[in-house]
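The block underneath contains the structure these notes are about, expressed in structure tokens.
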Amino acid sequence: MKWYLRDSDEVISLMDSSRNGLTQQAVEDRIEIYGLNKLEDKKKKPVWLLFLDQFKDFMILVLIAAAIISGFMGDVTDAIIILIIVLLNAVLGFVQQYRAEKAMLALKKMAGSHSRVIRDGSTVDIVTSELVPGDIVELESGNVVPADLRLIEAHALRVEESSLTGESVPVDKTTEKLSQKDIPLGDQLNMAFKSTLVANGRGVGIVVDTGMNTEIGRIASLLQEDEAATPLQQRMTDFGKKLSYLILVICIVLFVTGLFRGEKPVDMLLIAISLGVAAIPEALPALITISLARGAKRLVRQNALIRKLPAVETLGAVSFICTDKTGTLTENKMKVVEVRPFAGAQKINEKLTLLDCAMAINHDVKQTPEGKWVGDPTEVAMVEYVAGHFNNDVIGQLQAALPRVAELPFDSDRKCMTTIHQFNGQFIVVSKGAAETIASLLDDQEVAASILNETADLSAKGIRVLAFGYRLLQHIAEPVNFDQIEKELSFAGLTGMIDPPREEAKKAIETCRSAGIKPVMITGDHQETAMAIARQLGILRENDLALSGPELQSMTRNELSEKIERISVYARVSPEQKLTIVRMLQSKNHFVAMTGDGVNDAPSLRAANIGVAMGISGTDVSKQAAHMILLDDNFATIVGAVKEGRRIYDNIRKFVKYIMTCNGAEIWTIFLAPFLGLPMPLLPIHILWINLVTDGLPGLALSSEKAEGDIMTRPPRKAGESLFAEGVGIHIVWVGLLMAAVTLGTQVYALSSDKAHWQTMVFTVLSLSQLGHVFAIRSDYESIFKKGVFTNLPLLGAIVFTFLLQLGVIYLPFANKIFKTQPLSVSELGVCVLLATVVFHAVELEKWIKRRNMAFKTSQSNKNK
């Protein structure tokens with residue numbers, strides 16, 4: 001239906017609604033009819049197809065073919081067991097991928113947006129997906145329009161519709177019905193469409209279409225994209241491909257070598273392919289996804305909601321945190337401590353000064369049924385001051401006596417909010433904003449100069465100052481424009497407020513310092529106020545610089561580049577300048593976290609390595625642009641998230657180290673045996689079994705490992721640092737070789753001692769060595785006995801379970817037939833366990849050497865100081 005052709009009251013009637021909104025029963029009935037207000041996701045693969053995908057790998061298909069050929073040639077039992085293990089591997093891979101997708105879906109649901117609607121006469125906050133046709137929706141600057149709306153109120157409302165029309169310039173909206181039929185979306189000025197952005201002003205609209213029936217829903221198929229892999233996943237996938245080619249060459253060499261030694265072609269083919277299947281870490285991408293998603297769920301419990309999964313891995317590399325002051329570093333509980341009315345201001349009320357009246361009417365604060373004032377903390381503080389100094393009814397009385405007829409909402413460029421009210425047959429304009437903004441709009445320059453002097457004195461004490469100006473007009477022209485209204489003002493007075501620093505913020509800043517992260521305050525507040533708070537918190541220290549927006553504007557790129565790493569406070573900066581700061585820091589190879597809450601903060605949030613939106617005070621636009629949302633608007637939460645990000649990255653690196661070392665050991669064992677004149681140490685079924693039981697549960701359990709003791713006392717990792725940096729690659733090579741040496745040494749010992757069970761002993765030593773390795777690498781530096789044997793119960797459980805499975809393979813009669821094993825004597829098992837601990841103790845020795853080296857470097861550094 002062409003709603004833009006109908007009057008707003010007619011639309012409300014046709015939708016069977018009212019300006020008081022729908023009843024709860026009507027909402028429930030309409031959800032049944034229209035469904036939820038969401039775009040349909042790209043059709044997911046069915047579960048059975050997800051399972052079949054596990055068999056698409058080339059090496060798996062070759063192994064299945066080889067096993068079938070082996071069965072036809074007489075080795076039926078071996079062929080069946082190999083196929084069963086391949087099936088179990090597929091089940092494990094399927095479970096991991098399924099869990100990863102479920103985790104991603106859960107994250108999407110958590111990041112769902114909310115909307116303010118009127119229902120049963122009250123304004124309530126609901127999940128956007130629960131909107132139905134007929135709902136009355138309130139819009140304000142920074143909102144994403146939640147459904148297709150016919151506007152019924154519009155106050156300086158401008159909507160940016162580029163997602164639909166391609167036109168980036170915001171469109172001024174109206175409520176008047178249109179007469180021209182069949183006009184394009186961009187010209188439907190009394191409509192607001194789903195997924196467009198409110199750039200300015202406020203409004204009210206009635207929902208006319210939801211979900212796939214909206215304009216954006218009609219082109220939804222163009223918006224449906226596959227979930228992008230994280231950079232870490234991409235790097236590991238690329239590494240996996242290169243490794244696959246290397247392993248394929250090794251398998252070919254192994255097969256050819258076996259043929260020259262007189263081994264059966266089918267046996268060698270099965271061994272070569274089994275080794276290829278076991279050595280290629282195909283589970284890594286899924287394990288990384290699960291680890292990142294689990295980390296994101298833990299972050300939600302710490303009040304940090306991750307919107308984009310790569311942010312989890314990026315958090316650990318953050319070296320600069322650029323944060324707003326109000327509400328993030330401070331309590332966001334403003335209190336008026338200074339009221340300085342201007343003696344020359346006009347009197348419009350017998351008992352109140354013009355400044356008191358201005359504070360009472362120039363705001364968007366609302367009162368709950370319980371009598372609590374809610375809204376912007378600054379405005380709430382002023383309203384509470386007036387109500388507290390006079391009486392609770394004075395606000396309502398003033399608003400009734402001076403009804404608002406128009407407004408120009410606050411924006412960060414103007415740093416000003418203006419409301420227009422009827423007054424004795426005239427109109428009174430009231431403007432509230434930063435002192436220098438109001439001063440620049442006054443018609444008396446001497447007064448303007450005195451305002452700036454008073455403001456500087458108050459700001460030096462950490463007091464935030466707002467100035468009020470006013471103007472009387474005989475009439476106002478439509479549409480209301482700030483260029484015409486906000487000029488030639490008279491001065492009404494100054495209001496000073498304080499917002500005390502958060503106690504936890506000071507401690508969090510100390511943690512930042514010890515972690516090699518520089519905290520930077522970026523605020524729209526006055527420079528002296530910002531510096532006073534920054535000193536209290538420990539952000540601004542000796543030799544640090546503070547810069548104002550105008551100073552930043554006048555600097556050349558080279559000048560800024562020279563000073564950027566020393567600047568700790570930016571005051572009076574514009575959103576465009578925040579973007580400049582982000583890009584300059586990134587040009588210095590820093591990973592930047594940037595907070596923001598407004599519409600104009602979106603570019604800097606997108607550009608930052610970690611864009612952080614405010615969950616309480618942030619606009620929808622800032623939340624959509626951000627990588628992470630602070631549910632409590634607290635700086636300490638960012639620091640906690642960085643710690644969690646470092647822990648997650650550490651644990652990912654640990655299970656990469658574990659899996660690659662184990663795979664390397666299997667390759668070295670099989671590859672080197674023929675060159676040492678030894679018979680093939682393992683059967684294909686042994687290789688596949690080790691891959692099945694050791695790669696899965698213990699590797700995944702490493703993601704539950706607690707943070708290292710030094711996690712927030714070491715510097716951030718370098719930009720673009722490889723997973724194999726800091727000795728990880730060297731560890732993989734030497735421990736893999738050691739594990740293979742111990743395994744082959746076991747083979748030599750068993751053969752020279754005429755042990756009939758030599759192959760079972762080799763099989764057991766390799767399996768248990770891998771369990772010893774995973775237990776040792778729980779920490780990169782600390783001894784496990786200091787870290788605590790029982791501090792990762794999931795891993796301990798996985799190790800015990802895997803050990804019991806290995807004992808079952810050795811001692812259960814039916815398993816002996818399947819796996820070609822023989823029961824070991826107590827002494828033989830004891831020898832195997834003892835040999836398997838060699839790797840554990842070697843890794844513990846490696847960590848001891850690392851600790852000694854670190855202690856030596858620290859002592860040398862202290863001496864040099």
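Things to note:
- Selection within segment 625-645 - touching a residue at least 40 places away in the same chain (Cβ under 8 Å), in a helix (DSSP H, G or I) and in contact with a Lys or Arg (Cβ under 8 Å, 6 or more places away or on another chain): F635, A636, E644
- Index of the failed condition, N609 passing every other in (1) within 13 Å of the chain's Cα centre (by Cα); (2) open to solvent by less than 20 Å² (accessible area, probe 1.4 Å): (2)
- Of the helices (runs of 4 or more DSSP H) lying entirely inside segment 14-75, those containing at least 2 residues that are modelled with pLDDT of 75 or more and charged (D, E, K, R) are 24-34.
- Residues satisfying the stated conditions in segment 337-366, i.e. of a type in the set (D, E, K, R) and either free of Cβ contacts under 8 Å to residues at least 60 places away in the same chain or open to solvent by 60 Å² or more (accessible area, probe 1.4 Å) (or both): R340, K347, E350, K351, D356, D364, K366
- The residues in segment 404-456 that are under 44 Å from the mean Cα position of the chain (by Cα) and of a type in the set (G, A, S) can be counted, and the count is 9.
- Applying the criterion of being in a helix (DSSP H, G or I) and in contact with a Phe, Trp or Tyr (Cβ under 7 Å, 6 or more places away or on another chain) to the residues of segment 823-865, the residue that is least open to solvent (accessible area, probe 1.4 Å) is K847.
- Taking the numbered list (1) of a type in the set (A, V, I, L, M); (2) buried (at least 21 other Cβ atoms within 10 Å of the Cβ); (3) more than 33 Å from the chain's Cα centre (by Cα) in turn, A776 passes all entries but (3).
- Just one of the listed residues (A641, A593, A673) is aliphatic (A, V, I, L, M) and surrounded by fewer than 24 Cβ atoms within 10 Å (Cβ to Cβ), and it is A673.
- Criterion (open to solvent by 10 Å² or more (accessible area, probe 1.4 Å) and not hydroxyl-bearing (S, T, Y)) met by exactly one of P681, P715: P715
- Test for K308: is it open to solvent by 60 Å² or more (accessible area, probe 1.4 Å) and either in a helix (DSSP H, G or I) or modelled with pLDDT under 75 (or both): no
- Any hit, segment 644-655, residues being open to solvent by less than 20 Å² (accessible area, probe 1.4 Å), over 12 Å from the mean Cα position of the chain (by Cα) and among the β-branched types (V, I, T): yes
- Taking the criterion of being outside any loop (DSSP other than H, G, I, E, B) and open to solvent by 60 Å² or more (accessible area, probe 1.4 Å), the residues of segment 375-403 that qualify are E384, G388, H389, Q397, Q399, A400, A401.
- Single residue of E370, E436 found to be of a type in the set (D, E, K, R), part of a helix (DSSP H, G or I) and surrounded by fewer than 21 Cβ atoms within 10 Å (Cβ to Cβ): E436
- Residue pairs meeting the criteria (Cβ under 6 Å; at least 6 apart or on separate chains; first more than 20 Å from R218 (Cβ to Cβ) and of a type in the set (D, E, K, R), in segment 11-39; second in a loop (DSSP other than H, G, I, E, B) and open to solvent by less than 20 Å² (accessible area, probe 1.4 Å)): R30/V132
- All positions within segment 582-595 that are more than 22 Å from A641 (Cα to Cα) and either among the aliphatic types (A, V, I, L, M) or assigned to a loop (DSSP other than H, G, I, E, B) (or both): M584, K588
- If you filter segment 166-180 down to residues that are part of a loop (DSSP other than H, G, I, E, B) and charged (D, E, K, R), you find that the one that is surrounded by the most Cβ atoms within 10 Å (Cβ to Cβ) is K173.
- Single condition L805 does not satisfy, out of (1) open to solvent by 20 Å² or more (accessible area, probe 1.4 Å); (2) of a type outside the set (V, I, T); (3) part of a loop (DSSP other than H, G, I, E, B): (3)
- Residue tally, condition assigned to a loop (DSSP other than H, G, I, E, B) and under 19 Å from N651 (Cα atoms), over segment 311-321: 1
- Any pair with Cβ under 6 angstrom, 6 or more apart, that starts in segment 652-671 at a residue that is at negative phi and ends at one that is buried (at least 23 other Cβ atoms within 10 Å of the Cβ) and charged (D, E, K, R): I659/D695
- Residues located in segment 620-638, provided they are open to solvent by 20 Å² or more (accessible area, probe 1.4 Å) and of a type outside the set (A, V, I, L, M, F, W, C): D620, K623, Q624, H627, D632
- Selection count, segment 119-143, where residues are open to solvent by less than 20 Å² (accessible area, probe 1.4 Å) and closer than 20 Å to S617 by Cα: 5
- Long-range neighbours under 8 Å by Cβ, at least six apart or interchain, first residue farther than 22 Å from I348 by Cα within segment 367-395, second of a type in the set (K, R) and buried (at least 20 other Cβ atoms within 10 Å of the Cβ): T378/R464
- Exactly one residue out of E503, E542, E551 is at pLDDT below 95 and closer than 25 Å to K415 by Cα, and it is E551.
- Residue match in segment 798-807 (condition: under 28 Å from L243 (Cα atoms) and free of Cβ contacts under 8 Å to residues at least 12 places away in the same chain): no
- Only listed residue being buried (at least 19 other Cβ atoms within 10 Å of the Cβ), part of a loop (DSSP other than H, G, I, E, B), free of Cβ contacts under 8 Å to residues at least 60 places away in the same chain and not small (G, A, S), chosen from L579, L540, L547: L540
- Selection within segment 758-786 - touching a residue at least 60 places away in the same chain (Cβ under 8 Å) and basic (K, R): R778
- Consider segment 446-474 and keep the residues that are part of a strand (DSSP E or B) and basic (K, R). The one that is surrounded by the most Cβ atoms within 10 Å (Cβ to Cβ) is R464.
- Selected residue (only one of E726, E721 is open to solvent by 10 Å² or more (accessible area, probe 1.4 Å), free of Cβ contacts under 8 Å to residues at least 60 places away in the same chain and either in a helix (DSSP H, G or I) or not small (G, A, S) (or both)): E726
- Scan of segment 732-756 for residues that are touching a residue at least 24 places away in the same chain (Cβ under 8 Å) and surrounded by 19 or more Cβ atoms within 10 Å (Cβ to Cβ), ordered by number: I732, V735, G736, L738, M739, A740, V742, T743, L744, T746, Q747, K755
The values are calculated or read from the model by the stated rules, or taken from the named source; none is laboratory data. From a predicted model like this one, the values you see are computed outputs, not experimental measurements. A quick note on method: Cβ atoms are made from the backbone with ideal geometry, for glycine too, and the neighbour counts reach across all protein chains shown. The protein model used for the area step is the full one, side chains on, heavy atoms only, and it has no ligands, DNA or RNA in it. Shrake-Rupley method; radii C 1.70, N 1.55, O 1.52, S 1.80 Å.
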